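Report on the structure given below.
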Amino acid sequence: MKKFISAILVIFLTQFVYAADEVISDRKLSKKLLSEARSMNSKVIKLKNEWRNTRKLIKQADKAHNKKNYKQSIVFSKKALNEAKMALEQYKSQKDNYRFFE
């Protein structure tokens, strides 16, 4: 009977350890995605092709990260990174097609 109870106790304790690892990995992923979104957006800003909502999404992701709401921060960071990548692709596809009117 003692072996059974100790086995159940070990199972419950391992569950808490895995949950703690998941929070740490969410924090690292959030920080990584946020830095990637910032760097990609800075490249797009230099090309003068920044989209309207990308900075807002980065600010929202930063606020969520500071409040330790890492899952929400990941969502906002992914959206911001996607917008920055699409802005870069838009720049690349349209850079030679722009007509200057004099």
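The values are calculated or read from the model by the stated rules, or taken from the named source; none is laboratory data. Since the model is a prediction, treat every value here as computed from it, not as a measurement. Don't worry about glycine lacking a Cβ; one is built from the backbone with ideal geometry, like all the others, and counts go over all protein chains shown. When the accessible area is computed, the model is the full protein with side chains, heavy atoms only, and any ligands, DNA or RNA have been set aside. Shrake-Rupley method; radii C 1.70, N 1.55, O 1.52, S 1.80 Å.
Miscellaneous remarks
- Spin-label zone in region 64-87 - amide nitrogen under 19 Å from a point set 7 Å from the Cα of residue 36 along the C-beta vector: 64-66, 70-87
- Nonpolar atom fraction for region 33-72, defined as the carbon and sulfur part of the 1.4 Å probe accessible area, stands at 49 percent.
- Which of 49, 61, 33, positive extreme of dipole for region 29-90 (C-beta unit charges): 61
- Here residue 94 and residue 68 are evaluated by their C-beta separation; at R0 = 41 Å the FRET efficiency comes out at 0.55.
- Integer Hz, Karplus 6.51/-1.76/1.60 couplings in order for region 33-42, x for Gly and Pro: 5, 5, 5, 5, 5, 5, 5, 5, 5, 5
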